[in-house]
1. If one takes the longest principal axis of the Cα atoms in the chain, at what angle in degrees, from 0 to 90 and to the nearest 10, does the Cα axis of helix 95-104 lie?
2. Taking the chain as the reference, fit the longest principal axis to its C-alpha atoms, fit the long axis of helix 41-71 to the helix C-alpha atoms, and give the angle between the two in degrees, 0 to 90, nearest 10.
3. At 0.36 nm per residue, and after removing the present C-alpha to C-alpha distance, how many nm does the segment from Glu49 to Lys141 gain when stretched out fully?
4. Counting only C-alpha contacts under 8 Å and six or more residues apart, can you give the relative contact order of the chain as a whole percent?
5. Take the cross-link list Lys2/Lys51; Lys51/Lys71; Lys84/Lys131; Lys104/Lys141 and give me the ones stretching past 23 Å between alpha-carbons.
6. Please work out the C-alpha center-to-center distance from the range 84-138 to the range 1-54 and express it in whole Å.
7. For Lys52, which lysines qualify as cross-link partners when the Cα separation must be under 20 Å and same-chain residues fewer than eight apart are set aside?
8. Give the relative contact order (percent, whole number) for the range 41-121; include only Cα pairs under 8 Å separated by 6+ residues.
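Computed from the coordinates by the stated procedures, all read-outs in this text should not be read as laboratory data. In this text, all values refer to a predicted model and were calculated from it rather than measured experimentally. Glycine gets a Cβ as well: all are built from the backbone with ideal geometry, and neighbour counts include every protein chain shown.
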Amino acid sequence: MKIILQRDYPQLGTALDVLTVKDGFARNFLIPEGIALPATKGNLAHAEEMKKYSAKRTERAVTAAQEIANKLADYSCTIKVKVKQGEDIYGSVGVADLVDALAKDGHSVEKNIIVLAEPFKKLGVYDVTLKLHKTVSATIKVWVVKEDIID
C-alpha cells in the first residue's frame with residue numbers, strides 16, 4: 001500500500017515522503033496513529049503543495065540559524081561556581097546554567113539546542129556545541145571559574 005508520511009518517522013523516512021509499506025502495517029498502525037495518509041490523488045497533490053511550502057520554510061530556518069551562528073562565532077561566557085578543593089566544584093554546570101549565561105548576554109536559546117555530553121564538574125575552559133538546525137551548528141567557549149576570582 002502506498003502512503004504519505006505526515007511527520008518524520010525514524011524507521012521509515014521524513015515527513016511528506018511517499019512510501020510503499022505492507023497493507024496491515026498501514027491500516028492498523030500508521031494511518032490510525034496519524035503518522036501517514038493513504039496516497040490518493042488528492043493527498044498526493046496536497047503533499048506536493050506542502051513540500052513547496054516546507055522547502056521555503058526550511059530555507060528561512062537555515063538562514064535564521066546561520067545568522068545566529070555568525071553572532072555566536074567568537075562568543076565566550078564565564079560561569080562562576082563554588083569550589084570544594086582543587087578544581088572540583090560543588091554540583092555541576094549543566095544546560096540550564098549555560099542557558100542562563102547566554103540569556104544574561106542577550107542571547108535567547110532553547111535548552112534542547114545545547115549539545116552537552118555530560119555536565120562540567122571541574123574548573124576549566126570548555127567548547128560547547130549549539131545545534132541550531134539540522135545543518136547549522138555553532139561552537140561557544142565556556143569558562144568555568146572560581147566564584148571569588150572574578151567579581
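1. Taking the Cα atoms of the chain, the angle to 95-104 is about 70 degrees.
2. Value to nearest ten degrees: 10.
3. Values: separation 92, 0.36 × 92 = 33.12 nm, distance 4.21 nm.
Here the segment from Glu49 to Lys141 would lengthen by 28.9 nm.
4. Numbers: 212 pairs, mean separation 30.5, N = 151.
20 percent.
5. Working: Lys2/Lys51 18 Å; Lys51/Lys71 30 Å; Lys84/Lys131 32 Å; Lys104/Lys141 15 Å.
Long pairs (Cα-Cα over 23 Å): Lys51/Lys71; Lys84/Lys131.
6. One Cα centre to the other: 38 Å.
7. Result set, ordered by chain and number: Lys41, Lys134.
8. Numbers: 38 pairs, mean separation 18.6, N = 81.
Relative contact order, the range 41-121: 23 percent.
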